[in-house]
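Have a look at the structure below, then the notes.
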Amino acid sequence: MSSKSAFQTATGDSLPADISCRWPLFVLLSGAVFWLLAGSILTLIGTIKFHAPDFLAEPAWLTYGRVRPAGLNAMIYGFCLPSALGLTLWLLARLGRTTLAGAIPVVFGGLLWHLGVGAGVVGVLSGDATGFEHLEFPSYAVAMIAASYLVLGVAGVLTFRQRAERGLFVTQWFLLAAIFWFPWIYSTATILTSVYPVRGMAQAVVGWWFSANLILVWFGLVGLGIVFYLLPRLLDRELESHYLAMFVFWMLILFGTWTGIPKTAPVPAWIPMMSKVTTVLAGLALLGAALILHRTLGADYRLLSTDPSLMFAGFAVASFVIAGFMGIAEVLSGASSMLHLSWYATARSWLQLYGFFAMALFAGIYYVWPQLTGRPFPLPRLVRLHFWLAASGVMLAVIPLAVGGIVQDGNHANPEMAFVDVAKGTLTFLRISSIGDVLTLAGHFLLALNVLLAIGAFCWDRVRIALRTATIELQEQGVNS
Amino acid sequence: MSEEISRRKSTAAYAVAIVGTFLIVAALVGAMRRYTQPPPLDEKRITERSKALAELRAAETQALTTPGWVDKSKGIVRLPVDLAMEMVHRQWQSPAMARSNLLTRLEKATAVPPKAPEQPSEFE
Amino acid sequence: MNYGPLVFLAAFAALAASWFGFVLTPHLQIGHLQQTNTVPSGVSYPVARSGLAQQGLQVYRANGCAYCHSQQVAQTGTLFDLVLTNPGTNQASTVAAIQSINPRLSQPEVLEIIGKVPVHLLTMVSKSTAEAAAKTVNATGANAVPWIVPIGPDIQRGWGSRRTVAEDFLFDYPVLPGSQRIGPDLSNVGVRQPDPGWHLRHLYAPASVVPGSTMPPYPFLFEKKKVGRVPSPSALPLSGIATVEDGYEVIPKPEALALAEYLVSLQAYAPLFNAPLSVALGKPTSPTETNSISISGGDKAPSDISMP
C-alpha cells in the first residue's frame, strides 16, 4: 500500500474539521449504509421475480411495481443523497480550513432525513407512491426530507462562508452549486407533480426534467467534485487541470440540465429534440472528465491500484464517461429504435447511479471515515474486496442488461415476432445480471461490517479513555488522601 | 462578548437568507401557478350547469313567492301560503259573507273524481 | 479571490434557463391544452375516464404497473394509401387508370374491386405517389382520395393506430407514460382486449390467458373463498392452469374491478389534427378497421372467453 493511503494519512490527531464533522457524518453515513443494504435487498427481491414470477406474489407490498421503486428510492434518497451531503459538508469544512457550522442541528437533520426515507420507503411499499419516477416518495416523506435538507444545506453554505482559506478549489465550485441545485429542482418537481400538479403530460415533462437534473447534473456535480478532490490528494500531485474541471462544470450545468426527455414522449416534438441536442453537447463534459483522469494520472492507470479509494474513484469516472456515451448512443439511435424503453436504458441509468455515483461515494466514505475516527478501518482488507465485488457486480449487471437491451430492441423492431417472445428473449440476460446484484449486495455487507465495527471501536475507545481518566483521577485522589 | 452576539446575529440573518435562496425557485413556481394557471378543463360545462341551475332556481322562486294563474279556464291559481292565509283571514272578518257562498266555493275547488270503471279489473 | 457569488449566479442562471425551457414552456403549451375535436368527425376528445376507471388509474399507480408497461406508441413516419370512394360512370377509363397506377391488378380484379368501394387501390406509398395517382384516377370522373397511414414497428404490432400524443393523457393524474417495455405497451389495450373479464383473469393468472407470459400474478387483488350455498355470480371463470381447488372460488376485489375498467378505458386512437390518420366515415373507428395493416403479436389471447 502506498504511503498516501487513506489508512496511513489518518493519524491519531484529527483536524478540527474532522472533529466537528464526526457525529454529523456518523449519523448521515451509517444511516446511508443501512439504506444501501435495504435498497439492494429490495432491488434483489424485484430481480428474483424475473426468475420466478410467482416469487412473493401474494403480499401486495412486495409486488414488483412496489419493491422496484422502493429499492431505487432507498438507494437514491437513503444512500446517495445523505452520504453525498455528508461528504459535501466535510469537504467544505476541510477545504475551507474551518469547522462544520451547526454540527448539532446537522445531527438532528440527518436523523430526520433517514426518518423521512423510512416513511417514504414504507409509503411506496404500502402503495402510496406518487407514480413519478425518482419522485415516488409520498408527500409526508417529502416534507421530512425537505425540512431536513434546509438544515443540512444551510449548514453547508454557512461552513462555506466561514472558510478561512478564501481561494476556491474546483471541488468547492461543484459542491456549492450542488447545494443550491437540489432544493431548486426538488421544490419545483414536488410542487408541480404533487402539491399543485400541472395538467396532463406537463407533469411528466417536469418529472423527466427533475430526473435528468438529479441523476446527471446533481450526481455529476457531487460525484466529480469528490473525485477531483481525491485524485490529487491521494496521488499527491496537482489536478490536471483546474481549467478543464471548470469546463466540465460549465458543460454539465449548461447542457446537462436540458436532457432526459425520451424521444417517444407524447409531447410536442421540440422537447425531445432539444433534449437530444443537449445530450450530445453534454458529451463535452464526459470528454473533459475523461481527460482530467487521464492527465492527472499521467496516463499511468496502475497508480489507481495504490489505494482502494483511488480504485473506486477511477471506476467512477470511467462509469460516468461510459454511461454518458451510452446515453448519447441512445438518443442518436434510429427512429424505430426503442432503446430508451428497453433494458439498455436500465443498464445506462444503473451505470450512472451505481457505477459512477455510488462508487464515487464509496471512494469518499473510505477516505473520509478513518479521518473522522482517527484510526483506520478495523478490517482494511475488506475495503479492497468490496471494490472488487462492487466493480464486478456493476459490470455483471450492466453489460448483460445493455446487451440484452440491444437484443430486445432488435427483436422488438420486428413486428412479426410475438411480444411474449421478445420479453422471453431478455430473460437470460436478466438472470445473469442478478448475479451482479448479488455481488454488489455482498459488497454492501462488507462496507456495513466495517462501518459497524469502526463505530463500535470508536465508542469503545471513548469509554476506555473515560474509564482510564477516571481511574487515574481516583488513584490521584487516593494518593492525595 | 458583544462581538460574539453580533457575529451570531449576522450568522442567523445569513442563514435566513440562505433558506430564502433555497426557496427562490419554489417562489417562481408559485408565481407561475398564480399567473398562468389554465382554467379548469370542464369550465364550459361548469358555467353551463351553473347557468341552468340559476334559471331553475329563479323559476322556482318566482313560483313560490308570487301568485299567478295555473289554469285560467278552470279558475285555478297558485298562491303563496302567507298570502292565502291573509286572504282567508280577510274573508272571515265577516263570517256571514264567508259562509254565504262556502258550498259553491267548496264544490268549485273539489275536483270531480273520475267515474268508476264499469267492470272491475281482472286483477282485483 | 472570492468566487462564491459567481458560482451561485452561474448555477442559478443555468438552472433558470432550463427551468424556463422545460418547466414553464411545457406548462404553457401542454398544460394549457383543452379538449379538442377529432378529425374529421368532430367528436370531443378526450373525454374524462369514468369514475371507476379513475379509481383504476390509482390502482395502476399504487402497484407500479408503469415500471413494466409503457403508454407511448411510437410512430416512425406517415405513408399513404389510395382509396377509391366512387368508381364514377366511365368504367372503362377508370379501370385503365387504376391499372396504370397499379399494374399488378388484372382487369377482372379491378372490375371486381371497383364494385365494392371504398377500396384500397394502393397501400403504403409516399405522399407524392398517392397524390399523383389520385389525380390520374380522378381525371376519369372517379373519386379516389389519399389516406394517411401512420407507420412504425409499434403500429405494425397493433399497439395503436397512431403515435400517442399529450391529449391522450389530458384528464389523468398522475400521468403514467412509463419508461420500460418489460410488458407490452398499453396505450390501446382497451381496444385489443375490450372485455374487463379478460383483464381480471389475466391479472389473477397471467400465464393462463397469455401462454408464456412473464408477468407476475396479482393474487392480492382477488379474494379466494369457499363457495357459499350458491356460487357467486362475480367469481372468475377459471380454466387451464389457473384453476382453484374444488369448493373454492375467486372473487375480484373492488381494486381489481377498477383496474380492469381503467385498462379497458385505455383507447388512444382518435384521429387528431396533430396526429392525423384517415378513418372511414360513418363507421365506428377502431385501429383494426382504420388501416389495412395486419395485426400480429402483442398479448393476443383466445377471444372466445367472456365474462358471464
- In degrees, nearest ten, helix A:201-212 long axis to first principal axis of chain A (Cα): 40
- Item | Low-density loop positions, trypsin sites (Lys or Arg not before Pro), region B:1-72 - DSSP coil, at most 11 other Cβ in 10 Å | B:LYS72
- Query: If you put +1 on each Lys and Arg Cβ and -1 on each Asp and Glu Cβ, how big is the dipole of region C:77-151 around its Cα centre, in Debye rounded to 20?
  - Reply: 80
- Query: Span-like helices, chain C: DSSP H, alpha-carbon axial extent 20 Å or more, mean Kyte-Doolittle -0.5 or greater, which ones?
  - Reply: C:4-19
- Query: Leaving out ligands, DNA and RNA, what percent of the accessible area of region C:55-112 is carbon and sulfur, probe 1.4 Å?
  - Reply: 51
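Accessible area lost on pairing C with A, both sides, 1.4 Å probe, Å² to nearest 100?
6500
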- Note on the structure: Between the alpha carbon centres of region A:57-130 and region A:330-399 the gap in Å comes to 18
- Which of the residues in region B:13-27 show a loss of at least 10 Å² in accessible area from their chain by itself to the complete set of protein chains, at a probe of 1.4 Å? B:TYR14, B:ALA15, B:ILE18, B:VAL19, B:THR21, B:PHE22, B:LEU23, B:ILE24, B:VAL25, B:ALA26
- Item | region C:127-284, accessible surface, carbon-and-sulfur percent (1.4 angstrom probe) | 58
- Task: Send over the per residue convex hull volume for the protein assembly as shown, Cα only, as a whole number of Å³.
- Result: 350
- Item | C-alpha long axis of helix B:81-91 to longest principal axis of chain B, angle in ° | 40
- Item | Estimated vicinal HN-Hα couplings, Hz - region A:240-247 in sequence order (Karplus 6.51, -1.76, 1.60; Gly, Pro = x) | 9, 10, 4, 5, 5, 5, 4, 4
- Volume per residue of the C-alpha convex hull in region A:6-480, rounded to whole Å³: 156
- Reduction of at least 30 Å² in accessible surface, 1.4 Å probe, comparing all protein chains with the chain by itself, residues of region A:127-142: A:GLY127, A:ALA129, A:GLY131, A:GLU133
- Task: Could you do me a favour and compute the accessible area per residue for the protein assembly as shown, 1.4 Å probe, result in Å²?
- Result: 44
- Task: Could you pull out every residue, at least 5 positions away or on a different chain, whose amide H is within less than 5 Å of the one on C:TYR45? Hs are placed 1.01 Å off N in the peptide plane, and Pro or chain starts have none.
- Result: C:THR36, C:ASN37, C:THR38
- Once the Cα atoms of helix A:380-412 and of chain A are each reduced to a long axis, what angle between those two axes, in degrees from 0 to 90 to the nearest 10, is obtained? 10
- Item | region A:226-231 - phi-based ³J(HN,Hα) in whole Hz, Karplus 6.51/-1.76/1.60, Gly and Pro as x | 5, 5, 5, 7, 5, 3
- Show the residues, 5+ positions off or on another chain, whose built amide H is closer than 5 Å to the amide H of C:THR85. C:ASN143, C:ALA144, C:VAL145
- Query: Which of the residues in region A:145-161 lose at least 40 Å² of accessible area when you go from the chain alone to all protein chains together (probe 1.4 Å)?
  - Reply: A:LEU150, A:VAL154, A:LEU158, A:ARG161
- Roughly how many percent of the accessible protein surface of region A:6-480 is carbon and sulfur, given a 1.4 Å probe and a whole-percent answer? 70
- Within region C:132-172, report the trypsin sites (Lys or Arg not before Pro) that DSSP leaves as loop and that have at most 12 other Cβ atoms within 10 Å. none
- Task: Provide the per-residue ³J(HN,Hα) series for region C:154-163, in order, calculated from phi with Karplus coefficients 6.51, -1.76, 1.60 and θ = phi - 60°, each as a whole number of Hz, with x at glycine and proline positions.
- Result: 4, 6, 5, 6, x, 7, x, 9, 8, 5
- Between chains C and B, what is the buried accessible area summed over both chains (1.4 Å probe, protein heavy atoms, nearest 100 Å²)? 1100
- Against the globular-protein guess of 2.2 N^0.38 Å, express the Cα radius of gyration of chain B as a ratio, rounded to two decimals. 2.71
- Item | Amide H partners (placed H, <5 Å) of C:GLU223, local residues excluded | C:ILE251, C:LYS253
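Give me the summed buried accessible area for the A-B pair, 1.4 Å probe, to the nearest 100 Å².
Using a 1.4 Å probe on protein heavy atoms, the buried area is about 1600 Å².
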- Of A:LYS424/C:LYS253; B:LYS74/B:LYS108; B:LYS51/B:LYS72; C:LYS226/C:LYS253; B:LYS72/B:LYS108; A:LYS49/A:LYS424, which pairs sit farther than 19 Å apart, going by alpha carbon to alpha carbon? A:LYS424/C:LYS253; B:LYS51/B:LYS72
- Query: Separation of region A:156-203 and region C:1-40 by C-alpha centroid, Å?
  - Reply: 16
- Per 10 Å bin from zero, what fraction in whole % of the C-alpha pairs of region C:206-282 is there, up to the bin with the longest pair? 14, 34, 24, 15, 10, 2
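The values are calculated or read from the model by the stated rules, or taken from the named source; none is laboratory data. Small disclaimer: the values here were computed from a predicted structure and weren't measured. Using ideal geometry, Cβ is built from the backbone for each residue, glycine included, and neighbour counts are taken over all protein chains shown. Accessible surface is based on the protein model in full, side chains and every heavy atom, while ligands, DNA and RNA are left aside. Shrake-Rupley method; radii C 1.70, N 1.55, O 1.52, S 1.80 Å.
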